[in-house]
Structure formats: C-alpha cells, structure tokens
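Asker: Before anything else, here's the structure in question.
The values are calculated or read from the model by the stated rules, or taken from the named source; none is laboratory data. These numbers come from a predicted model, not from an experiment. Neighbour counts run over all protein chains shown; Cβ positions are idealised from the backbone, glycine included.
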C-alpha cells in the first residue's frame, strides 16, 4: 500500500506567494527524487457545521490561512529513500533557515501515514 507524509500548516496571508514559490521548488525536488505526487492545498471551504472544522483544529491567528499538504510514495521505505535524497539536494539547503520561513515552523503539524484504502 502507498504511504503519505501529511502536513497542516498556517501561513500569513501576506506570505502566501513566498510560500507558494518555496513549495513549487520543493515539489519539483521531491518529484525528481521519486515522490509520486506532491500537493499544496490552501483553505477554501473549511467552516463545516459537523466534525471538527479545520479552523478549530489548526487555530489560525488573524490573517493566517490553512494549508493541507501531502507527498505520496509507494511505501514507507520508498519515502525514506526519497527524503534522504531530497535532504541532500542543494536546492533544499536554503529552505531550512528558520528566519526566512514564510510560516511558523513551531505550529506545523506533520506525520507519516499508511494508506488504508485506495479507491
């Protein structure tokens, strides 16, 4: 079964373009190193009347937007191989600088998920 790294993060509306530029490079790097899919999704219809709406879960501050992002792999082992290559890629070196991040890394949520159902 497939494997996904999933992310929920908050980006100030004023930095969405900077985040999108960074994500475009990251997506290209991940795909070149073998990721099957890479998606960065910005909030649209998030104030649902049932369940726990994303704003209650993520707790955005005024002026922040929620991103839901994921990277698809064929397996966890495949993810580990791809991520090792990605982290060694020179294009990624400058992206790890906390001072230049267009979002608060301390409020990023992420994790690896086994895909249970593929329809």
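Asker: Which numbered condition trips up residue 44, out of (1) farther than 22 Å from residue 1 by Cα; (2) out of contact with any helix residue (DSSP H, G or I) (no Cβ under 9 Å at 6 or more places or on another chain); (3) buried (at least 17 other Cβ atoms within 10 Å of the Cβ)?
Answerer: It fails just one condition, (3).
Asker: List pairs: first in the stretch 101-119 and within 18 Å of residue 73 (Cβ to Cβ), second part of a loop (DSSP other than H, G, I, E, B) and at pLDDT 90 or above, Cβ under 7 Å, 6+ apart or cross-chain?
Answerer: That search, which allows pairs on different chains as well, returns 115/2; 118/2.
Asker: Name the residues in the stretch 28-38 that are closer than 15 Å to residue 69 by Cβ, surrounded by 14 or more Cβ atoms within 10 Å (Cβ to Cβ) and touching a residue at least 12 places away in the same chain (Cβ under 8 Å), would you? Explain how you work it out, then say what you get.
Answerer: Here is the first cut: in the stretch 28-38, the ones closer than 15 Å to residue 69 by Cβ are 28-31, 35-38.
Within this subset, residues satisfying the condition of being surrounded by 14 or more Cβ atoms within 10 Å (Cβ to Cβ) are 29-31, 35-36, 38.
Across the stretch 28-38, the qualifying residues are 29, 30, 35, 36, 38.
Asker: Before we move on, is residue 25 in contact with a strand residue (DSSP E or B) (Cβ under 6 Å, 6 or more places away or on another chain), surrounded by 11 or more Cβ atoms within 10 Å (Cβ to Cβ) and touching a residue at least 24 places away in the same chain (Cβ under 8 Å)?
Answerer: Against the criterion (in contact with a strand residue (DSSP E or B) (Cβ under 6 Å, 6 or more places away or on another chain), surrounded by 11 or more Cβ atoms within 10 Å (Cβ to Cβ) and touching a residue at least 24 places away in the same chain (Cβ under 8 Å)), residue 25 does not qualify.
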